[in-house]
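Inspection log for the structure reproduced underneath, given as structure tokens.
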Amino acid sequence: MTLPKTADVLIIGGGIMGVSMAYYLARRNAGRIVVLEREVLGSGSTGRSVASVDLFSPQPASARLPQHAYDIFAHFSELFGDDCGFVTTGTAVLAGPDQAAELQKAFAATLAAGIDVRLLMPAEFAALEPVANVDDLVSICYMPAGGYADPVLTLNATVAAARSAGVMIQQGQSVTGLVQQGGRIMCNTSF
């Protein structure tokens with residue numbers, strides 16, 4: 001595939017972040033979109049990800065983001081036309097005496113965001129997870145809907161959807177420089 005000389009949007013990096021940005025921009029008719037990946041798709045952090053979807057955020061400003069991510073993974077096949085390998089396991093965030101106050105704040109933010117989160121005592125958590133050592137715990141935030149996806153399946157499905165939406169994805173393209181010239185950005189690549 002020949003790399004175009006111009007693009008409306010250039011995304012550097014072919015991991016799940018870059019490819020999903022390209023996909024969503026293409027759905028919004030953002031013009032000609034090109035993704036350049038230095039090595040192979042998913043060779044960076046995507047390929048080493050555990051792809052957890054934990055529905056928990058200690059920051060109130062971002063507490064709704066995990067729910068949005070969960071909604072995407074829970075309906076991934078409908079949205080992207082292929083499976084992402086999502087498995088619901090539940091997610092727990094554990095706190096000892098020094099972290100209990102911070103966990104209470106995060107619990108309140110997560111609950112306010114509309115996420116099904118439960119504050120458990122150590123004995124209640126031990127009933128859910130009998131092999132857990134709860135001796136030093138004070139409280140636990142438990143989100144029953146949390147889980148994980150398969151990062152390779154997720155990336156492959158997103159790449160296919162992005163390409164179907166008209167995104168050009170090129171592997172083996174190192175970006176060696178960006179130069180602003182006359183209101184445009186010029187990209188230097190090597191392969």
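Please treat every number below as a calculation from the coordinates, not as lab data. Keep in mind the model is a prediction, meaning the values are calculated, not measured. Here Cβ is always computed from backbone atoms with ideal geometry, including for glycine, and neighbour counts include all displayed protein chains.
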Matching residues in the range 37-69 (more than 18 Å from residue 157 (Cα to Cα) and touching a strand residue (DSSP E or B) at 6+ places or on another chain (Cβ under 8 Å)) number 6
Taking the range 75-95 and keeping only residues that are touching a residue at least 60 places away in the same chain (Cβ under 8 Å), surrounded by fewer than 19 Cβ atoms within 10 Å (Cβ to Cβ) and within 16 Å of residue 143 (Cα to Cα), one is left with 87
Restricted to the range 55-74 and to residues being in contact (Cβ under 8 Å) with a residue 60 or more places away in the chain and under 18 Å from residue 107 (Cα atoms), the residue nearest to the chain's Cα centre (by Cα) is 70
When every residue in the range 70-95 that is in a loop (DSSP other than H, G, I, E, B) and touching a strand residue (DSSP E or B) at 6+ places or on another chain (Cβ under 9 Å) is compared, the one farthest from residue 160 (Cα to Cα) is 90
If we ask which residues in the range 8-54 are over 24 Å from residue 70 (Cα atoms), in a loop (DSSP other than H, G, I, E, B) and in contact (Cβ under 8 Å) with a residue 60 or more places away in the chain, their number turns out to be 4
